[in-house]
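Reviewing the structure listed below.
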Amino acid sequence: MLQIPKLKERSFLVYGLGLSGLSVIKFFKKNNIKNYKVWDDKHKNLFKTHRAKNLNQTLRRVDFIVLAPGISLLKNKDLKKFEKKIITDIDLFYLLNNNCKTLVVTGTNGKSTTCKLLEHLLKKNRFKCLLGGNIGYPILDIKISKNTYVIIEASSFQLSHSKFICPDFAFFLNLTNDHLDWHGSMSNYLNSKLKIFSLQSYNQYSFVNKKIKKKLKKKFLSKFIIPKKQEFIKIKHKIKNSYLKSNTYNENMSFVHAFAKIIKIKENSFISAMNSFKGLPHRFEFFYKRKNVNFINDSKATSFAAASSALSSLRNIYWILGGLPKKNDSIKIDKYKKNIKKCYLIGKNINFFKNQIKNKLDFSVTIDLKNSIIQILKDIKFDKNPKKFILLSPAAASYDQFSNFEKRGEIFKKISKFYGRKLI
């Protein structure tokens, strides 16, 4: 591992001054690392004394380019030439920290929830534990002490650029079509995720499901664990946490359960920890009930694969669908249509979603969340079923109407409560 004195002998370009870029500069200042330049296409007035005067010349001269995770090399040919020099803030963390145990969690869906479940499990069982990366604080902002477990949520963007990532416990949850416009192909997307295994050794662990295990053409050194969902389901009835009752979380929970066994957390202690877990907002979030109508905010479901978990877990669903569809995504509804009473289409890509569900589902074009809720509450009056579910699980990104999925979810909750009180 490189240590601070050695790091001071290297030169860096911090490319991109978002959260991770700013945390890298903060890290450099704290450790008296002075040989760095910065570059950001938008923020030209930040760190003027360190701004690269000639970008191409700086790219050629520096030892490392610390790249912001959102920047795709497919769209930046100048950077592509220097791919071997590119690292991330997570790489800097691994180059310097060897006195803690690390867990890296990746996958198309469920990363944040799994990270929070792992954090909760460890803390409740009196392990020192910190959480960072794509969730919470940038990883270099975390203060590490000995005998600490550090959980890192890693996106495919971060992993695509990484060179030195080497977790003690690597979790690859699942893989479906996503971010293909950024990666260029499904193969590139998969290979970025597989980087979490590349540098692992014999005494480290890798957790994957059966589907992903079959995709592994290369042999890795770590101990591979395939979490058995049925093992978790056998003890699920003992967990008295309504948030975790849904089948939506069975996959996440099977990974967490398998990890608990590896570090010898007893079953009773696992169950006790899960009983007090509180879920993240916008992820299959039961937030309001009025009489026999339940409202669920699943705004984080930005692809059909993500939305399908909610659709498989409920009956009598009034489903709000639409937004900005992901590249190559499709709405394969046949397995779930028996659970759906009616669909309500929102956003600026109505025709795409209409073509996906026509002749399969009853639907209305409602354009926005307000009109959707009003129309649903009119339709629901004729439904005699004892339990009804109004579900925002849009299977699409939010950027056509909202700044992010969080904003979409918050507005949905606000509108639902207002019209729920007024019309139910």
- Message: Against the definition (modelled with pLDDT under 95, of a type in the set (D, E, K, R), within 21 Å of Ala306 (Cβ to Cβ) and within 25 Å of the chain's Cα centre (by Cα)), how does Lys332 come out, yes or no?
- Response: yes
- Task: Collect the residues in the stretch 338-353 that are within 19 Å of Lys388 (Cα to Cα) and touching a helix residue (DSSP H, G or I) at 6+ places or on another chain (Cβ under 9 Å), keeping them in residue-number order.
- Result: Asn339, Ile340, Lys341, Lys342, Cys343, Tyr344, Leu345
- If you take the residues in the stretch 90-124 that are of a type in the set (D, E, K, R) and assigned to a helix (DSSP H, G or I), which one is nearest to Phe64 (Cα to Cα)? Asp91
- Query: Out of all the residues in the stretch 89-104, is one or more under 30 Å from Ser393 (Cβ atoms) and not aromatic (Phe, Trp, Tyr)?
  - Reply: yes
- Note on the structure: The number of residues in the stretch 113-153 that are at positive phi and free of Cβ contacts under 8 Å to residues at least 40 places away in the same chain is 2
- Task: For the stretch 327-352, enumerate the residues that are closer than 25 Å to Lys370 by Cβ, in contact (Cβ under 8 Å) with a residue 40 or more places away in the chain and among the basic types (Lys, Arg).
- Result: Lys341, Lys348
- Task: Please work out which residue is modelled with the lowest pLDDT, limiting yourself to the stretch 221-234 and to residues that are charged (D, E, K, R) and in a helix (DSSP H, G or I).
- Result: Lys229
- Item | Filtered residues of the stretch 356-404 (kept if assigned to a helix (DSSP H, G or I) and under 20 Å from Pro325 (Cα atoms)) | Gln356, Ile357, Leu369, Ser372
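Determine whether Ile142 is closer than 16 Å to Ser20 by Cα, in the same structural domain as Lys223 (by TED's automatic domain parsing) and out of contact with any Ser or Thr (no Cβ under 8 Å at 6 or more places or on another chain).
Considered against the rule, which asks whether it is closer than 16 Å to Ser20 by Cα, in the same structural domain as Lys223 (by TED's automatic domain parsing) and out of contact with any Ser or Thr (no Cβ under 8 Å at 6 or more places or on another chain), Ile142 comes out as yes.
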- Query: Quick one: is Gly70 surrounded by fewer than 20 Cβ atoms within 10 Å (Cβ to Cβ), of a type outside the set (D, E, K, R) and touching a helix residue (DSSP H, G or I) at 6+ places or on another chain (Cβ under 8 Å)?
  - Reply: yes
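Give, as residue ranges, the strands (runs of 3 or more DSSP E) completely inside the stretch 135-220 that count at least 2 residues that are of a type outside the set (A, V, I, L, M, F, W, C), modelled with pLDDT of 95 or more and over 21 Å from Lys80 (Cβ atoms).
148-153, 205-208
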- Query: Which pairs have Cβ atoms under 7 Å, sit 6 or more apart or on different chains, and link a residue in the stretch 186-206 that is among the charged types (D, E, K, R) to one that is surrounded by 19 or more Cβ atoms within 10 Å (Cβ to Cβ) and part of a helix (DSSP H, G or I)?
  - Reply: Lys193/Ser156; Lys193/Leu159; Lys195/Leu159
- Message: Residues that are within 30 Å of Gly409 (Cα to Cα) and in a loop (DSSP other than H, G, I, E, B): does the stretch 242-263 have at least one?
- Response: yes
- Kindly provide the set of residues from the stretch 145-166 that are of a type in the set (S, T, N, Q) and farther than 14 Å from Leu19 by Cβ, ordered by number. Ser145, Asn147, Thr148, Ser156, Ser160, Ser162
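Among the residues that make up the stretch 405-423, is at least one of them in a loop (DSSP other than H, G, I, E, B) and over 18 Å from the mean Cα position of the chain (by Cα)? Before you say what the answer is, go through the steps one by one.
Of the stretch 405-423, the ones in a loop (DSSP other than H, G, I, E, B) are none.
Looking through the stretch 405-423, none of the residues is in a loop (DSSP other than H, G, I, E, B) and over 18 Å from the mean Cα position of the chain (by Cα).
Can you tell me which of Asn339, Asn316, Asn349, Asn404 is more than 19 Å from Glu285 (Cα to Cα) and not hydroxyl-bearing (Ser, Thr, Tyr)?
Asn349
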- Quick one: count up the residues across the stretch 336-371 that are within 27 Å of the chain's Cα centre (by Cα) and of a type in the set (S, T, N, Q). 3
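The values are calculated or read from the model by the stated rules, or taken from the named source; none is laboratory data. Please read these numbers as outputs of a predicted model, since none were measured by experiment. Glycine also receives a Cβ, built like all others from the backbone with ideal geometry; neighbour counts cover every protein chain displayed.
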